[in-house]
Structures are given as structure tokens and as C-alpha cells.
Amino acid sequence: MDFLHHPSQAQNGSPNLPMEIFLMILDQLVGTRNGTLHVAYPPSDPITKTLRALTLVSRATYLSASRYLYTHCIYLDTVTRFTHFRRTLGLPIPPSHPCALPYGQARRNDELFKNAHSNQHMTSVFLSPQRTPQCDPAPMARLSHVTSFFSVIGPTLVRLVMDLQPIYAPYSEVEALVSHIPAHNLFASMTSLEELVCSFDTLDYFSQTPPPNLKRWAVTMQGETPNMLSFASNIASLETLMFLRSPKMTSESVDDIFDAFSDFGAERLAPLDLVLVDVSANHGTPRGTRDWTDEDAVRIWEVNVPKSYYGDEDDLILCDGWIWENAVRGTLWESEKVRMKSSSEVRRLVEQVLADTM
């Protein structure tokens, strides 16, 4: 990487390339051909490795490369990575913890970290702290670790993909947390959050106050629940709600959805797009479903998740994985979808088919 330095500038570490060109190169590095940006690139990705290498070249390249690294590469898929990152943020790690630094070992360079304004560039995060065999003997992440983590980076987050299923959350800890909701609400500080993809159990812990400016929300919950609809209907800015279709969906389910959003932002310019995720064979209009009108507060859409050639996957596992994969890639919200047909549209199609066969 010596080409970044001019011999006469070696002492102050100034890049030989003009900063505008260097930043343009970094923009091209993290960009994609279709314009979508990953929520986070994994540590094994060449983009992450390149940015990491650039932070080690000099102070000048560290300042720029670390900003891109924190913006595009916070990929916390194991409890070890999650704990290490919490340590980087300055959150307390018990000395007895396997991920704690030995006494006397050098920690982060606080001056460089501050000069890079690292915290304000943490706008996009993937969190799913699995405890893999490689993490042993590190213990499972706890719910309190999650709340303290987001209390630090929550204000700057714009996109968040969060799986809380690997979290250790004993009943006593959940009860203690819920009883202090004003102080520990996960979303209270996320005033900039626009996109949220979360696991179905998130609302078991944090259902009181949703992110106030959220635009797109996907949850790996199968079917709508009163808790979910209440949470969503309290977000005036919400444009898209996505979840897994219930195999027991009925016309009453559709009515419940419409009722939940009947007073949903009378001044909104467009209705809420509610997107159901399932394989093609499971989609369809429930018998007796209401007709759509131009005044509806909700539009219901269907996404068809592709199956393999053999088609032997479990539909629920397949669709759940599809949401997570596309969420991290940043392609979830642009996925192709079709509008659910109303009952009258279905009847017209059936009548047309019958007429054509006579």
C-alpha cells in the first residue's frame, strides 16, 4: 500500500492521492452494480478485508477507511464478535470474561477513534450473536448486553437487521427489564432508524415504544398478532410492513389488519404496503375477503419465495431464511411482489375461465 504515500510526505502520513479520489475509490469499493447497499458485509468479504487493511496503513488512511468500515461492515454474527465490538465501544466487559483483554494489554487508540468520529458513522448493523463452537468458552449474549449496546449506537442507526433468538433471556431478567421500560426501551434512542428487520421474539421484550421515524419494518413472525399490529399502527411514518404469511389466514385476518390501520395517518399520501412472504403454492385470497377501494389505508401484497428444483425444503424455514438473506444484502424491500386479489377479482377470473372452456 506504499503507493498511497509520497516520499516527501512520509512523516505526516498524508496520502499521495487527492482525498476526493481516494474517497471515490472507497465509494466504488462498497457500491454494487444495482445500486443497493448491503446492511453489513461479513468479515470474510473482500470489501471488509480491504477496508480493514487500509486502516492499518497510516493515520491518514485510517481516518477515512475506518469511517467506511464502521458504516458498511458491522456484521456481528457470533457472540465473540459482538463482545469484541462492545469492548471497542468502551462498554464494560468483566475481567473474568474470555473476551476481556489481559491486564496491561493495549486497548483502542482513543485519539484516532475520536478523530475519525467513528460513532456517528455506525448507521447500519447486522446483529445475530450466535454461540458457535468457535466461541467456546464465551457465554451467550444477554438481553442487557443488547440494550447497553444500542444505547451507544442507537441514535445514529438508519438500518438494522437484528436476530434476538441467540440471546440468553431468562424470565427474571426479562421481567426486570420490562418493569423499567422507560430506561431500557430498545428503540427509544433510535430516532434516525428507517429500516428494521427483526426476529419474531423482539416484541416479547420491546413492544412499548416503536422507532418514531421507521419507514420499513419486516419481522419473521408467521401471521399477524394484536401486539404486532398495535406496534406498527403507532408508527405514523411506516410505509411497508412485511411478515411471514400464516397458513391459517382468513378473511377475518384481513379485516383485523384493516381495522388496526383504520385511523392510520389520515394525512398520509399513500396507504401502507403490507407484504406477505410465502412460497407461491401457499398464496391465495381467503374466501370472503373484502373488496379493495381507493380509500383503503392498507394494500396487501404477496412475495413468492423460490423453491429448489427438488422442492423438499420446509416452507417456513425457507421463507424465514429468505427474509434474513435479502435483509442483509439490502435487497429485501425491492423484492418483486404482486397485489393480493380481492374476492370479486377471483370470481371474475373463475367466471372468465369457465366461459373460455364452454
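The values are calculated or read from the model by the stated rules, or taken from the named source; none is laboratory data. It should be emphasised that the depicted structure is a prediction, and the values quoted were computed from it without experimental measurement. Counting neighbours? That spans all protein chains shown, and the Cβs are built from the backbone with ideal geometry, glycine included.
Some values worked out for this structure:
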quantity	calculated
Filtered residues of the stretch 225-267 (kept if more than 23 Å from I323 (Cα to Cα), among the hydrophobic types (A, V, I, L, M, F, W, C) and in a helix (DSSP H, G or I))	F258, A260
Any hit, the stretch 206-218, residues being modelled with pLDDT under 95, under 19 Å from F149 (Cα atoms), in a loop (DSSP other than H, G, I, E, B) and hydroxyl-bearing (S, T, Y)	yes
Any hit, the stretch 147-169, residues being among the β-branched types (V, I, T), farther than 20 Å from M242 by Cα and under 15 Å from the mean Cα position of the chain (by Cα)	yes
Residue satisfying all of: in the stretch 114-134; of a type in the set (A, V, I, L, M, F, W, C) and modelled with pLDDT of 75 or more; farthest from C198 (Cα to Cα) among these	M122
Residues being within 15 Å of R339 (Cβ to Cβ) and at pLDDT 90 or above - total across the stretch 259-275	4
Criterion: acidic (D, E) and touching a strand residue (DSSP E or B) at 6+ places or on another chain (Cβ under 6 Å) - qualifying residue of D259, D320	D320
Residue in the stretch 348-357 that is modelled with pLDDT under 85, of a type in the set (S, T, Y), over 21 Å from R159 (Cβ atoms) and in a helix (DSSP H, G or I) present	yes
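Residues are listed down the side, and each one gets a yes or a no for (1) of a type in the set (G, A, S); (2) buried (at least 18 other Cβ atoms within 10 Å of the Cβ); (3) over 30 Å from H72 (Cβ atoms):
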| site | (1), (2), (3) |
| --- | --- |
| M249 | no, yes, yes |
| E252 | no, no, yes |
| D255 | no, no, yes |
| D291 | no, no, yes |
| P306 | no, no, no |
| G311 | yes, no, yes |
| D315 | no, no, yes |
| I323 | no, yes, no |
| L332 | no, yes, no |
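Here is a yes/no grid of residues against (1) surrounded by 15 or more Cβ atoms within 10 Å (Cβ to Cβ); (2) under 26 Å from N326 (Cβ atoms):
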{"site": "E111", "(1), (2)": "no, no"}
{"site": "T123", "(1), (2)": "yes, yes"}
{"site": "T132", "(1), (2)": "no, yes"}
{"site": "P137", "(1), (2)": "no, no"}
{"site": "R159", "(1), (2)": "yes, yes"}
